[in-house]
Amino acid sequence: MEDLYLAKGINVSSRIINNVAYIYLEDRNDLISLNETGSEVWRLVNGKRRTSDIVDHIIKCYDAEPCEVRDIIYSFILDLIGKGALKTSSVPFEGVMAYG
Amino acid sequence: MDNVLEVRDLTRMAIKEVIPISVLIEVCHTCNENCIHCYLADHTRRGMTTGQYEMLFDQLVDAGTFFVILTGGEPFMRRDFMEIVRMARRRRISVTIFTNGTLITEQLARELASLWVQEVHISVYGADASIHDGITRVPGSFKKSMTAVDLLKKNGITVRFKSPLMSRTADGISELKALAESKDVDLQFTAVITAMNDGNMATTNLRLTDAQLKDLLLDEKIDSHTSQAIERPSTCDCVPCDTVYNGGAIDPFGNVFPCNQLQVCGGNVLEQSFGDIWSNSFAFRNLREMRVDGLDDCDGCSLFLQCTRCPGLALLEDGDIRGCSSAAKRIAKIRRSLGTYPLQNHIFSKI
């Protein structure tokens, strides 16, 4: 997976409440909640961090095999990109896309 | 790593955890219409600045707010209104807008769509200009509102008509439904015109007559009902209204209320944070302690199961937040004569 900057899609509404991320996809009318690790990934997405920054942070947080964590997080991020919840760019995001 | 939910699951969680998940924000009281039924007493005072809204949205994020409704007055009367929408969307707060639509241009519709505004609700009082413009007292307003509906729909935005019913508009309901269908928009009716927020009761003279209510309360679109009384739960764990558990309202001057119809001020966001007001204000804590079995007039009332009492209206129109709401009682009596029971009964809100 290419190491790109990640931002929360503008088609998304979201809030982290009691450490749980709730994500509403406005274009699909779908609401999802994320588990603890997923919520931490979501919290870190701010348009200014690359995928590798987020994966490195999660590896530091959890006492687990780095390769295994990396695969899980990449797969999770790809899933969110597929749903349209995350956007990618080769340069840092700006304006309404840069928030987290 | 994810779990699919419904919005009502989020609302339930918010009530349980006492999180202001949905907040209505009146960004101004100024308006370019002059509706005969408007509940706002003063349309002149200036509201908070753009910068103060930036601060407010940060506070709402901290408090856990997911949805905001931006309304007025007429919100597009503010030159910085789109900046306010952008502030909310930048924080990924879901935005619904209540407007008369008359100031919406093609460019604004495109920008609202690009920001993924969830819904735009347009006030519509009749299916033609003669009825609608008679209520707004602005010639040409119907045409402008309908143009806005077309522009918003063209840009893929979900639009709803909001129609408060009055004695003089009731005869045109079928035509209004047909108009909504032709525009492919949902239509929401309100059966009760409220007093003005300064207690002036003049607007209540516009309410539907008893005869009109007898016809209209059988309409599912106006009053979702059943012919079977729902089982009466224990009233000790029911609250008169759940708004103070999961939502709030903020006027253009920063005053925080549980709802724009419940005029009990918890504090002002220009003096303390929204989260502090929400969690710690004496007024809100006091409201959260209210239970249905503490409502003396409801105890033993034969209309209890047919009543959709609003504490805000009881306070505003009858002077006692714990007392009987004459507006709700009138409708409950008509439901009894029809043998119907409301499905959405606020008095049964359990926490």
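What the table below lists for this structure:
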| read-out | value |
| --- | --- |
| Qualifying positions in segment B:173-206 - out of contact with any helix residue (DSSP H, G or I) (no Cβ under 8 Å at 6 or more places or on another chain) and either assigned to a loop (DSSP other than H, G, I, E, B) or of a type in the set (Lys, Arg) (or both) | B:Lys177, B:Asp198, B:Asn200 |
| Number of the condition not met by A:Ser75 [criteria: (1) out of contact with any helix residue (DSSP H, G or I) (no Cβ under 7 Å at 6 or more places or on another chain); (2) modelled with pLDDT under 90; (3) surrounded by fewer than 21 Cβ atoms within 10 Å (Cβ to Cβ); (4) within 10 Å of chain B (Cβ to nearest Cβ)] | (2) |
| Which listed residue is more than 12 Å from chain B (Cβ to nearest Cβ) and open to solvent by less than 40 Å² (accessible area, probe 1.4 Å), from A:Ile23, A:Ile10, A:Ile54 | A:Ile54 |
| For B:Gly140: the one exception among (1) crowded, with 18+ Cβ neighbours inside 10 Å; (2) more than 14 Å from every other protein chain (Cβ to nearest Cβ) | (1) |
| Test: residue in segment A:45-62 that is within 28 Å of B:Thr11 (Cβ to Cβ), of a type in the set (Val, Ile, Thr) and out of contact with any His (no Cβ under 9 Å at 6 or more places or on another chain) | yes |
| Test result for B:Thr204, in contact with a Leu (Cβ under 9 Å, 6 or more places away or on another chain), closer than 16 Å to B:Ala314 by Cα and among the polar types (S, T, N, Q) | no |
| Selected residue [modelled with pLDDT under 95, closer than 16 Å to B:Cys310 by Cβ and either among the acidic types (Asp, Glu) or touching a His at 6+ places or on another chain (Cβ under 6 Å) (or both)] from B:Asp219, B:Asp242, B:Asp198, B:Asp237 | B:Asp242 |
| A:Glu40, sole failed condition from (1) surrounded by 16 or more Cβ atoms within 10 Å (Cβ to Cβ); (2) facing chain B (nearest Cβ under 8 Å); (3) charged (D, E, K, R) | (2) |
| Residues located in segment A:1-31, provided they are aliphatic (A, V, I, L, M) and in contact (Cβ under 8 Å) with a residue 40 or more places away in the chain | A:Met1, A:Leu4, A:Leu6, A:Ala7, A:Ile10, A:Val12, A:Ile23, A:Leu25 |
| Within segment B:241-351, helices (runs of 4 or more DSSP H) holding 1 or more residues that are within 24 Å of B:Arg45 (Cβ to Cβ) | B:274-280, B:282-288, B:311-318 |
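The values are calculated or read from the model by the stated rules, or taken from the named source; none is laboratory data. No experiment lies behind these values; they were computed from the predicted model shown. Heads up, the Cβs are rebuilt from the backbone with ideal geometry, glycines too, and the neighbour counts pull from every protein chain shown. Areas reflect the complete protein model, heavy atoms only, side chains present, ligands, DNA and RNA absent. Shrake-Rupley method; radii C 1.70, N 1.55, O 1.52, S 1.80 Å.
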